[in-house]
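Input: a single structure, listed below in structure tokens.
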Amino acid sequence: MSFLFPTYARWEVEPEAAEGSILIDKNGKHYLDFTSGIGVCNLGHRPAAVQEAVSTQLNKFWHVSNLFVQEQQEIAAKHLSEAAGMGPVFFANSGAEANEAAIKLARKATGRQKIISFQQSFHGRTFAAMAATGQDKIKEGFGSMLETFKYVPFNDSNALEKEMDKETAAVMLEIVQGEGGIHIGTQEFLEKTEQLCRKYGSLLIIDEIQTGIGRTGKAFAFQYFNLDPDIVTSAKGLGSGLPIGAMIGKQELEEVFGPSSHGSTFGGNPISIAAAIATMETIFKKEFLKGVQEKGTYLANKLTESLEIITAVKEIRQLGMMVGIETDVHLPHLLKALREKGLLALPAGKNVLRLLPPLTATEAEIDEAAEILQSILKEYSKSAV
Ligand SMILES: *Cc1c(COP(=O)(O)O)cnc(C)c1O
């Protein structure tokens, strides 16, 4: 029996050790980890630079509260702010908390309450983040949601325009819907969304919790689309596995979040901050990000080539090292079969296999993953390769 609430349907794999792209279970079996802990370990498991930064901080102090000035928080905030081309940062402990901060900031800044988000979106599990999430299954059994959230179809500018008005505090979106099935926003839709926000005096909140910190080959995915968001949220990859979330706002929002307007006991914890600085100092380098773009293209080409004539594969969608393989195969079975062959992959939406490999994965590891995918998927297909 388990002493844990069964909120997760857990896999049969029990980790014992991990390094780089490799996870080793208690039986000594090796897996190619193309989940990165759900898009968290972007530098692979236990990257040396992060391990060193964390152990240095462990020998200084662990926690002092946000009543103190902490130079490291300033450094981490500067990295985020400069990478996003934006203003001040609020540190939280998770993605949902970063989104909570964004929702509160947008409502306080505009004096409005309505927030528009998108169908199939995912913004987290706390009450406001859950309310913002455009998936019924996430909200089932919890009663009424915050009634000021509205949902429209993703990539549908007309539907958005119909819902926009002078009551709208913000529009909140993911550039690539991650949990919802790797749906990528179109240039036209994203630009139009920003224009509509300007027209109605609403803020544009971009949830980069899964897409940020180099995942798509840019520091933040919105940078592919020439957008100018008012608020950006980050978490997952930010601390390489140590818990941290962040909200970045435009400079003019600074005074909205004055003393006692918002807070968090653990937010900006020194250990997580040390991990975040080391992570960003590695990932936000031009050369590193260029390498991620090239690797993403290599991965997409490899998958297209390997899975092209497999009828169980309906579509492959990719931005950087974020890939969705749409399939008609029963996902839990497929993922289990892949694990047996030594590849860890994720589900997304109803019928999408999601790959979030470490950004440091080698071409040889990508080749190996593609081979395993091909061998398993062709078993499911009528016209075998
Ligand atoms: C994972 C995720 C969240 C929630 O993050 P938590 O740290 O689990 O609270 C929010 N938005 C997006 C886009 C995510 O992928």
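The values are calculated or read from the model by the stated rules, or taken from the named source; none is laboratory data. Note that this is a predicted model, so its numbers are computed, not measured. Reconstructed Cβ throughout: ideal geometry from the backbone, glycine too, with neighbour counts over all protein chains shown.
Can you name the residue in the stretch 7-24 that is closer than 20 Å to HIS333 by Cβ and not basic (Lys, Arg) and, of all such residues, is surrounded by the most Cβ atoms within 10 Å (Cβ to Cβ)?
In the first step, residues of the stretch 7-24 are kept if they are closer than 20 Å to HIS333 by Cβ; the result is 8-13.
Next cut, not basic (Lys, Arg) only: 8-9, 11-13.
Numbers: TYR8: 7, ALA9: 6, TRP11: 14, GLU12: 8, VAL13: 17.
Ranking the qualifying residues of the stretch 7-24, first place goes to VAL13.
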Residue pairs within 7 Å by beta carbon, gap of at least six or interchain, first lying in the stretch 223-247 and over 24 Å from CYS197 (Cα atoms) and in a loop (DSSP other than H, G, I, E, B), second modelled with pLDDT under 95 and near the ligand (Cβ under 10 Å from one of its atoms), listed first then second, are none
Within the set of pairs 6 or more residues apart or between chains, which connect a residue that is under 16 Å from ILE115 (Cβ atoms) inside the stretch 135-152 to a residue that is part of a loop (DSSP other than H, G, I, E, B) and polar (S, T, N, Q) with Cβ atoms less than 6 Å apart?
THR148/GLN113
Which of the residues spanning the stretch 347-385 are modelled with pLDDT of 95 or more and of a type in the set (S, T, N, Q)?
ASN351, THR360, THR362, GLN374, SER375
Of (1) surrounded by fewer than 20 Cβ atoms within 10 Å (Cβ to Cβ); (2) part of a helix (DSSP H, G or I), ILE366 satisfies every one except (1)
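With away from the ligand (no atom under 15 Å from the Cβ), crowded, with 18+ Cβ neighbours inside 10 Å and aliphatic (A, V, I, L, M) as the only criterion, which of ALA96, ALA92, ALA106 stands out? Lay out the reasoning, then the answer.
Values: ALA96 fails: away from the ligand (no atom under 15 Å from the Cβ); ALA92 fails: away from the ligand (no atom under 15 Å from the Cβ).
Step by step, each of ALA96, ALA92, ALA106 is checked, and only ALA106 is away from the ligand (no atom under 15 Å from the Cβ), crowded, with 18+ Cβ neighbours inside 10 Å and aliphatic (A, V, I, L, M).
Mind listing just one residue for me: the one in the stretch 164-220 that is of a type in the set (Asp, Glu) and outside any strand (DSSP E or B) and, of those, surrounded by the most Cβ atoms within 10 Å (Cβ to Cβ)? Don't jump to the end; show me each part of the working.
First pass over the stretch 164-220, keeping only residues of a type in the set (Asp, Glu): 165, 167, 174, 179, 188, 191, 194, 207-208.
Okay, now just the ones that are also outside any strand (DSSP E or B), so 165, 167, 174, 179, 188, 191, 194, 208.
On the way: ASP165: 12, GLU167: 13, GLU174: 27, GLU179: 24, GLU188: 11, GLU191: 15, GLU194: 20, GLU208: 31.
Within the stretch 164-220, the match that is surrounded by the most Cβ atoms within 10 Å (Cβ to Cβ) is GLU208.
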